Amino acid sequence: MIVDDNPATLKLLEDMLLQQEYEVHSFPSGSMALAAALRHPPDLILLDVDMPEMNGYEVCERLKSATALSEIPVIFLSALNDTQDKITAFRSGAADYVSKPFQFEEVHARVETHLKLHGLQRALMLQNARLEEIVAARTSELAKSNESLTVSLRERELLLQEVNHRVHNNLQIICSLLGMQCAVVTDPLLATALLETQNRILSMATIHQTLYDSGNLSDVEFAKYIQLLASNVSNSYGVDPTRIELAFELEPVRLEIDCAIPCGLILNEWLSNAFKHAFPHGRKGEVRISLQQRDHLILLGVHDNGVGLFKGHVPSSPKSLGLSLVDVLSEQLEGTLEIASSRGSSHFVLRFPQISDNA
């Protein structure tokens, strides 16, 4: 589009650009050019500054204020060569400024350059719009996938809760059956063996119950579990709490279920040993359970102030099923056992590495 109130200049520019195979539309006034541009936006505008009715600065400002026309490059053609005139032109939104009298080669070079730049700008805008569409589509797909994943995870969690609940119930049934069997057997050794087996199964059932109650199926709040297990084992042996007192020194430690179950079985053996052997003939005392976390190690201990093991001697290879089970389970945890006994006290401590979430 060419806008100039001088017919000779308008004709000259039109003929020159037509020879270069441009499609040219010429207008002698700014108002006519604006109306035509709104109907059919051009790719570039050559605009005179000094025109009656509406000067080039006003025309350019109106072009830039119209959303549909604001990106069209405007090249001013003017006989005004004052620096302030050029500054005003650029402030009004001009892309370039050519002084009259002009050389057509210069005008053509400016036109060609700004048309290419405008074309690249439009291509970039189209590409950006396309990218925004792609991003929006991918975002929508991701949102749907996340929603589906959330539903699947929730279904999996509910399934695990149900499985965990059924495992707990089945273990409780086994404990009840063993308890019924204990009530009818007459052999005291067999009754003791059944009771110990019942307590071992109960220690595992308590793990599953703790998981189910907490709603967290990945790990166990082990300090809470210890208190439940100690109470269960004490009750199973009919311990008088006024004679043998339970004490706890427990730090807040969470253990994964694969680690919690063997720890629970070990703790069950140590507590059973204390309740059966540490306080004979009505002796009074205390059984203290400790749980600590030091760096990357977990320390689980059972301590009593009873009569001690074998008059102070600690066997290097215990032959009872319970203590043999403790050895096997501690190896499974990659832990080490510390057993110390003297007249009037016994100490059982298990040290094992904490399993990280990424292990």
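The table below gives the values:
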quantity	calculated
Members of the stretch 53-88 that are exposed (fewer than 15 other Cβ atoms within 10 Å of the Cβ), within 20 Å of residue 114 (Cβ to Cβ) and hydrophobic (A, V, I, L, M, F, W, C)	66, 68, 87
Residue ID - surrounded by the most Cβ atoms within 10 Å (Cβ to Cβ), chosen from residues in the stretch 1-18 that are assigned to a loop (DSSP other than H, G, I, E, B) and not acidic (Asp, Glu)	1
Tabulated pairs, the stretch 1-14, first touching a residue at least 12 places away in the same chain (Cβ under 8 Å), second assigned to a strand (DSSP E or B) and β-branched (Val, Ile, Thr), C-beta under 9 angstrom, 6+ apart or interchain	1/45; 2/45; 3/45; 9/2; 10/2; 10/3; 13/2; 14/2
Residue selected from the stretch 19-49 under the condition touching a residue at least 40 places away in the same chain (Cβ under 8 Å), within 20 Å of residue 106 (Cβ to Cβ) and of a type outside the set (Phe, Trp, Tyr), by the criterion surrounded by the fewest Cβ atoms within 10 Å (Cβ to Cβ)	20
Residues of the stretch 315-353 that turn out to be modelled with pLDDT under 80 and touching a Cys at 6+ places or on another chain (Cβ under 9 Å), as a count	0
Residues of the stretch 70-91 satisfying the condition of being in a loop (DSSP other than H, G, I, E, B), modelled with pLDDT under 90 and not acidic (Asp, Glu)	70, 79, 80, 81
Candidates 190, 271, 246, 267 - the one that is closer than 18 Å to residue 303 by Cα and surrounded by fewer than 20 Cβ atoms within 10 Å (Cβ to Cβ)	246
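The rows are residues; the columns are (1) within 12 Å of residue 45 (Cα to Cα); (2) small (Gly, Ala, Ser).
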residue	(1), (2)
72	yes, no
109	no, yes
117	no, no
124	no, no
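Per-residue answers, yes or no, for (1) over 53 Å from the mean Cα position of the chain (by Cα); (2) among the hydrophobic types (A, V, I, L, M, F, W, C); (3) closer than 15 Å to residue 5 by Cβ:
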site	(1), (2), (3)
27	yes, yes, yes
37	no, yes, no
48	yes, no, yes
62	no, no, no
66	no, yes, no
84	yes, no, no
91	no, no, no
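The values are calculated or read from the model by the stated rules, or taken from the named source; none is laboratory data. Everything quoted here is computed from the prediction, not taken from an experiment. Using ideal geometry, Cβ is built from the backbone for each residue, glycine included, and neighbour counts are taken over all protein chains shown.
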